[in-house]
Amino acid sequence: FVAINCGAIPANLIESEFFGYERGAFTGAFAQHGGVFEQASSGTLFLDEIGEMPIDLQTRMLRVLETRQVRRIGGQVDISVDVRIISATNKNLKEQVRMGKFREDLFYRLYVMPIELPSLFERREDIPILANHFLKSFLLEGDDKKLNKYAMQVLTSHIWPGNIRELKNVI
C-alpha cells in the first residue's frame with residue numbers, strides 16, 4: 001500500500017515521484033529510483049487529492065492505467081506494474097472535467113466504484129466516536145482523560161468545514 005498526496009508534491013518533482021527515474025537522468029539523479037507505481041506493484045496505490053494533479057501529468061497517468069506499464073524518466077524500457085488504484089478528492093471532478101481542468105477519459109477510468117462520503121456535519125453520530133478515538137491516540141500511556149458531556153455537545157454542534165482533519169486538530 002502506497003499513499004501519495006497529488007497536491008503536496010512540487011510540480012518539478014511530481015513526474016519523477018510517479019514514474020521514477022534512472023541514474024543520471026537529470027542533475028541530482030545519483031541512483032535509480034522506482035516511482036510510486038513500481039513501489040505499489042502487486043498492491044494498492046492511494047492517490048489522495050487526485051483533483052490537484054496537473055493536467056499534463058494526467059495524460060501519462062492515463063497511459064499507465066491503460067497499458068499497466070511505466071517508463072522511468074531517462075529509461076529505455078517499459079516496466080510492467082499491477083496496481084489497484086484508489087483515489088480521493090474534495091473537488092467535484094465532474095465539474096473539473098466540464099471546466100477542462102481534469103481529463104474526461106481519466107475521470108471515467110478512475111470513476112469505477114465511487115464512494116461519496118458525506119461531510120462530518122451530515123453524520124454527527126460519528127463525531128463522538130472519532131473524537132474519543134483521536135483523544136485516545138494523543139494521550140500518554142496510563143492517562144485516562146475523557147471528553148465531558150459539555151465538550152461533546154460543543155463538538156457535535158459545530159459545522160466542521162474542515163471535516164475529520166479539523167476535528168482531529170481541535171482534539
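How many residues are open to solvent by less than 40 Å² (accessible area, probe 1.4 Å) and either touching a strand residue (DSSP E or B) at 6+ places or on another chain (Cβ under 9 Å) or in contact (Cβ under 8 Å) with a residue 24 or more places away in the chain (or both) if we restrict to segment 129-155?
Total satisfying the criteria: 6.
Which condition number in (1) of a type outside the set (Val, Ile, Thr); (2) at pLDDT 95 or above; (3) open to solvent by 30 Å² or more (accessible area, probe 1.4 Å) is the one that Ser119 fails?
Failed condition: (2).
So which residues in segment 17-63 are open to solvent by 60 Å² or more (accessible area, probe 1.4 Å), within 14 Å of Ile4 (Cα to Cα) and of a type in the set (S, T, N, Q), if there are any at all?
Correct list: Gln39 only.
Here is a check on your reading of the model: is Arg60 in a loop (DSSP other than H, G, I, E, B) and more than 12 Å from the chain's Cα centre (by Cα)? Explain how you work it out, then say what you get.
On the way: in a loop (DSSP other than H, G, I, E, B): no; more than 12 Å from the chain's Cα centre (by Cα): yes.
Here the answer is no, as Arg60 does not meet what is asked.
The values are calculated or read from the model by the stated rules, or taken from the named source; none is laboratory data. A quick note: this is a predicted structure, and the numbers were derived from the prediction, not measured. A quick note on method: Cβ atoms are made from the backbone with ideal geometry, for glycine too, and the neighbour counts reach across all protein chains shown. Surface accessibility is based on the protein's heavy atoms, side chains included, excluding ligands, DNA and RNA. Shrake-Rupley method; radii C 1.70, N 1.55, O 1.52, S 1.80 Å.
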